[in-house]
Amino acid sequence: MVDALLKLVHVAAVVVWIGGMVFAHFFLRPALGVLEPPQRTALMSAVLGRFFAAVMVASLAVWASGLWMIGRAAKQVVQSGGSFAMPGYWWAMALLGTVMVAIFLHIRFAPYRRLRAAVGAGQTAAAAAALAQVRQWVGVNLAIGIAILVVTLLRWPV
């Protein structure tokens with residue numbers, strides 16, 4: 001039961017994070033062309049603020065549940081007299097997931113902070129530049145997230 005709950009938390013948090021990036025990148029951002037730049041940057045600042053709060057929780061949930069699942073698997077193997085060796089795709093998932101968290105923290109505390117400040121000061125050009133940086137980094141994180149899904153579902157490398 002604990003294993004199933006950990007997997008549920010892990011997968012639900014991944015869905016929130018990757019699904020939110022897909023929505024923002026491919027659906028919300030292109031639709032914003034109907035708004036004037038000051039409205040566009042203000043709306044994105046507000047949406048991203050809410051999304052990044054959810055990603056903060058989701059990224060911690062993914063990381064904590066992943067470590068917990070690894071620890072439980074290792075404990076079970078060792079208790080049964082075996083020697084635990086983490087599969088390659090677990091390593092890939094853990095390392096790339098940690099990179100994603102680092103990139104997210106950069107996005108949240110650098111370009112997003114600049115976006116919020118520029119929107120608050122009415123500096124549309126600076127807000128647009130910061131928003132472009134957010135978009136680029138979110139694109140990188142989305143690509144890494146999809147790579148993690150592929151690696152995990154194909155169980156490669158073993």
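Just a few scattered comments:
- Qualifying residue in region 35-46 (condition: farther than 15 Å from Met93 by Cα, in contact (Cβ under 8 Å) with a residue 40 or more places away in the chain and under 20 Å from the mean Cα position of the chain (by Cα)): yes
- Pro157 fulfils the conditions (1) assigned to a helix (DSSP H, G or I); (2) surrounded by fewer than 17 Cβ atoms within 10 Å (Cβ to Cβ) except for a single criterion, (1).
- Conditions (1) over 14 Å from the mean Cα position of the chain (by Cα); (2) farther than 13 Å from Leu142 by Cβ: number failed by Ala53: (1)
- Summed over region 110-124, residues that are closer than 17 Å to Gln136 by Cβ, free of Cβ contacts under 8 Å to residues at least 40 places away in the same chain and part of a helix (DSSP H, G or I) total 3.
- Screening the candidates Gly71, Gly145, Gly81, Gly122 for the property of being of a type outside the set (D, E, K, R) and within 20 Å of Gly19 (Cα to Cα) yields one hit, Gly145.
- Qualifying residue in region 48-65 (condition: farther than 30 Å from Gly122 by Cβ and not in a helix (DSSP H, G or I)): no
- Selection from region 1-49 of residues that are among the basic types (Lys, Arg) and either touching a Leu at 6+ places or on another chain (Cβ under 8 Å) or loosely packed, with under 12 Cβ neighbours inside 10 Å (or both): Arg40
- Criterion violated by Trp137 - all others in (1) within 29 Å of Glu36 (Cα to Cα); (2) without any contact (Cβ under 8 Å) to a residue 24 or more places away in the chain; (3) of a type in the set (A, V, I, L, M, F, W, C) satisfied: (2)
- Filter result for Ala102 (surrounded by 13 or more Cβ atoms within 10 Å (Cβ to Cβ) and part of a helix (DSSP H, G or I)): no
- Taken over region 58-82, the criterion of being within 24 Å of the chain's Cα centre (by Cα), surrounded by fewer than 15 Cβ atoms within 10 Å (Cβ to Cβ) and either modelled with pLDDT under 95 or among the hydrophobic types (A, V, I, L, M, F, W, C) (or both) is satisfied by Leu60, Ala64, Leu67.
- Within region 51-75, residues that are in contact (Cβ under 8 Å) with a residue 60 or more places away in the chain and over 18 Å from Val99 (Cα atoms) sit with their Cβ atoms under 8 Å from residues that are charged (D, E, K, R) and in a helix (DSSP H, G or I), at 6+ positions apart or across chains, in these pairs: Met69/Asp3; Met69/Lys7; Arg72/Asp3.
- Test result for Tyr89, part of a helix (DSSP H, G or I), of a type outside the set (A, V, I, L, M, F, W, C) and closer than 16 Å to Gly139 by Cβ: no
- Scope region 83-95; condition among the hydroxyl-bearing types (Ser, Thr, Tyr) and surrounded by 13 or more Cβ atoms within 10 Å (Cβ to Cβ); matching residues: Tyr89
The values are calculated or read from the model by the stated rules, or taken from the named source; none is laboratory data. Owing to the predicted nature of the structure, the values given are computational and were not obtained by experimental measurement. Neighbour counts run over all protein chains shown; Cβ positions are idealised from the backbone, glycine included.
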